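For reference, the structure is listed below as structure tokens.
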Amino acid sequence: MTMPVPTVDFQLKTLPAKPGAYIFKDSQHKVIYVGKANNLRNRVRSYFSTGTNLPPKPLRVLSQIASIESIVTNTEQEALILECNLIKKHRPTYNVRLKDDKTFPYLKIDLHDDWPVVRITRHLQKDGAKYFGPFASAGSLRMTLRLIKKIFPFRSCNRAITENDTKPCLEYHINRCLGPCIGATSKEEYGKAIKQVIMFLEGKQGTVLRELKQSMAKASQELRFEKAAVLRDQIQAMQQVIEGQKIAITARGEQDVIAMAQTKDLAYVEIFFMRDSKLLGREHFILEGVRDEMPSHIITSFIKQYYSSASSIPPLILLQYPAEESTVITHWLSKLRGAQVRLHVPRQGAKKQLLDMVTKNAQQGFELYQAKQSTNVTAAIALEELRHKLNLPKTPLRIESYDISNIRGNMAVGSMVVFEKSVPKRAHYRRFRIRSVSGIDDYAMMQEILRRRFGRFMKPEDKWKIIPDLVLIDGGKGHLNAALAVMTAIGLSQIPVASLAKENEEVFVPGRPEPVDIPPTSPALYLLQRVRDEAHRFALGYHQRLRQRESTASALDSIPGIGPKRKKSLLRKFRSVQGIREAPLEDLTHVQGMSAKLAEKVKEYL
């Protein structure tokens, strides 16, 4: 065993016999491990005791220790909190740690605001606001936000509320906002909606549902049928959510259920949030630094790091493996919650069935995660091969693809799709209506959309300012030459351009009369095909919608007495002209603005 250097030897002698956290650093002064102890002197010295049969991981740590620091605390619980904070701050190589834990997002509702908004934040603060989280990713958080926005009509805008605005936004018209900007609601009524959002996020859906049903009954009694209809839609949406939260296993009360799957280097932890015997939500987290660690230690590390920043803690936490130092952790969790918390490893019954279900989800989730990581590796290989085959100056991390869709030159449209690191970036997609070309001229149409896209390059709009690593044109050599002419005229000839012809899946690049030699089974060709097909799908979808809109407009606009408002009401009710045509005459008369005589006229015309 490597003997400690004199510096470490001296530091070992000066360690206090008190609770606290200890920090191991290497010769470069980098923190490599953080731990906590009830007695710092005994705990740290145990690493260096001769004859101690240490496991592989502590041995690796020991071989790299150049200096030791310690921070004394009053209690072991304080040492635990300090350990969590130090791990988050330094992310030591040999500690089990949450992957990207500094960036976990939360939902925040600032109750000090007169008109509170539900917002996304990455900073958990003690400012009196309500926080929910952390969520494993912004994607899962946005899914939750979309869900509650469908049910509860709170505002999502940033405008200052004066209650004197004359024009509300679309969300008010589709019953997604109570309209505080125009004074359409009181602070009390709006506050009630926010309170229901909070109860919903806390898992008290049953209470919210009862309140909504009472409000609907009251609105109906007062003959406020539009209000009652809006509440009815809220109730139906919420009942669908509650139905989706039910699981076959009955587990009463509030509890979090934690299980994991692991390989040598990573652990995948799944956590189910059970509230009021229903599955309120679920999240998964990736843990690093797990090599040579026992499952109990991994679970313990997750509990400490996750609940140190969790917005809520249930009275019961079910675990796949027993936690280390369970007494200290239980006391710490109980203090955070303000009430008793119990850690339990179920061995039988409904709780064991529930834990088994979460364990199975963890295993399946980890397999999907590993498959995705493998796909990312394949994507990297495809991009590198593409750079080599097309002789590009750098790896094409951003690819823009363009396509045209029309029927004999009519209603011509163009599309722009963007792939970043082989993944579609839909926020950067764009559609174009062809303006300057009449008749059948695909080359001129392609030139128009490229001119419009790259003509905006000089403007300060971020999404247009980005330079692609590769421009991919759907077509053959003719389409490629047309695109090159535009890029040269604009002064952006340095941007690489290629085309992919559908007939033989041939790839053309400037300066080469023959197609590039790319094998049919090549990942690079497959990537180009994916990007090209997405551009084609996007253009075709836009073209079809325009054709449908035109046919719909011509069918209804030719009917005397049917103006824009009545047309909109009819289409909102029956979805399409075909739906209006097949609807009973009596149903047409129930549409706002429609009389029996006008309904007969619509039927006659259609």
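Here the relative contact order of region 6-93, from alpha carbon pairs under 8 Å that lie six or more residues apart, stands at 41 percent. Rounded to the nearest 10 degrees, the angle from helix 564-574 to the longest Cα principal axis of the chain is 60 degrees.
Taking every C-alpha pair closer than 8 Å and separated by at least 6 residues, the mean separation divided by the residue count of region 492-592 gives a relative contact order of 12 percent.
Phi angles of region 277-286 translate, via the Karplus equation with coefficients 6.51, -1.76, 1.60 and θ = phi - 60°, into HN-Hα couplings of 6, 10, 7, 6, x, 8, 9, 9, 9, 9 Hz per residue; Gly and Pro are given as x.
Note on the chain: helix-only mean residue ellipticity at 222 nm, from DSSP H runs of 4+ residues weighted -39500 (n - 2.57) and normalised by residue number, equals -15000 deg cm²/dmol.
Rounded to the nearest Hz, the phi-derived 3J(HN,Hα) couplings of region 236-242 under the Karplus curve 6.51 cos²θ - 1.76 cosθ + 1.60 (θ = phi - 60°) are 5, 4, 6, 5, 5, 5, 4, where x marks glycine and proline. Projecting the Cα atoms of Phe432, Gly289, Thr166 onto the dipole axis of the chain, where Lys and Arg carry +1 and Asp and Glu carry -1 at the beta carbon, places Thr166 farthest toward the positive end. Exposure proxy shown here: for Glu367, Glu226, Glu400, Glu325, the number of other Cβ atoms within 10 Å sets the order, fewest to most, as Glu226, Glu367, Glu325, Glu400.
Each label was represented as a point 7 Å from its Cα along the Cα-to-Cβ direction; for Gln240 and Lys394 these points are 4.5 nm apart.
Charge dipole of the chain (Cα centre as origin; +1 on each Lys and Arg Cβ, -1 on each Asp and Glu Cβ, all else neutral): 1120 debye, rounded to the nearest 20. Does region 362-517 come out rounded, prolate or oblate by the C-alpha gyration tensor, with a ≥ b ≥ c the root eigenvalues, rounded set by a/c under 1.5 and, if not, prolate when a/b is larger than b/c and oblate if not? It is prolate, given that a/c is not under 1.5 and a/b is the larger ratio.
For the chain, DSSP calls about 80 percent of its internal beta bridges antiparallel. Within the same chain, aspartates and glutamates fewer than 8 places from Lys565 are excluded, and of the rest, those with a Cα less than 13 Å from its Cα are Asp557. Once the Cα atoms are used to define both axes, helix 138-151 deviates from the longest principal axis of the chain by about 60 degrees. Distances between placed amide hydrogens fall under 5 Å for Asp403 paired with Ser415, all partners being 5 or more residues away or on another chain. Exceeding 32 Å between C-alpha atoms, which entries from my cross-link table qualify? They are Lys204/Lys227; Lys126/Lys149; Lys149/Lys567; Lys167/Lys421. Violating the 32 Å limit, Cα to Cα: Lys167/Lys421. Projected label points at Leu111 and Leu368, each 7 Å from Cα along the beta carbon direction, are separated by 3.5 nanometres. In order along region 12-28, the Karplus-derived 3J(HN,Hα) couplings, from 6.51 cos²θ - 1.76 cosθ + 1.60 at θ = phi - 60°, round to 4, 5, 9, 5, x, 8, 9, x, x, 10, 10, 10, 9, 10, 8, 5, 9 Hz, and Gly and Pro are given as x.
Exposure proxy ranking for Asp517, Asp403, Asp9, based on other Cβ atoms within 10 angstrom of each Cβ and starting from the fewest, stands as Asp517, Asp9, Asp403. For the pair Lys192 and Val72, a Förster radius of 41 Å applied to the C-beta separation gives a FRET efficiency near 0.25, rounded to the nearest 0.05. Listed by Cβ neighbour count within 10 Å, with the fewest neighbours leading, Lys88, Lys304, Lys167, Lys99 appear as Lys167, Lys99, Lys88, Lys304.
Here's the list of lysines a cross-link from Lys25 could span, going by alpha-carbon distance under 29 Å and ignoring same-chain residues fewer than 8 apart: Lys13, Lys36, Lys57, Lys88, Lys89, Lys99, Lys102, Lys264, Lys304.
From the Cα gyration tensor of region 558-605, with a ≥ b ≥ c the square roots of its eigenvalues, which class applies: rounded if a/c is under 1.5, or else prolate if a/b is larger than b/c, or else oblate? Note, shape of region 558-605 comes out rounded. Going by a ≥ b ≥ c, the root eigenvalues of the Cα gyration tensor, does region 18-74 fall in the rounded group (a/c under 1.5), the prolate group (a/b larger than b/c) or the oblate group? Note, shape of region 18-74 comes out oblate. Here's the list of aspartates and glutamates a cross-link from Lys187 could span, going by alpha-carbon distance under 14 Å and ignoring same-chain residues fewer than 8 apart: Asp113, Asp114, Glu163. Peptides 561-571, 74-84 ranked from most to least packed, by the mean per-residue count of other Cβ atoms within 10 Å: 74-84, 561-571. Annotation for Ala489 and Asp276: the two label points, set 7 Å from Cα along the Cα-Cβ direction, are 6.4 nm apart.
Labels on offer are (i) 238; (ii) 211; (iii) 165, and the one holding volume of the Cα convex hull per residue in Å³ computed from this structure is (i).
Bear in mind these aren't lab numbers, they're just calculated from the coordinates by the rules spelled out. Keep in mind the model is a prediction, meaning the values are calculated, not measured. Counting neighbours? That spans all protein chains shown, and the Cβs are built from the backbone with ideal geometry, glycine included.
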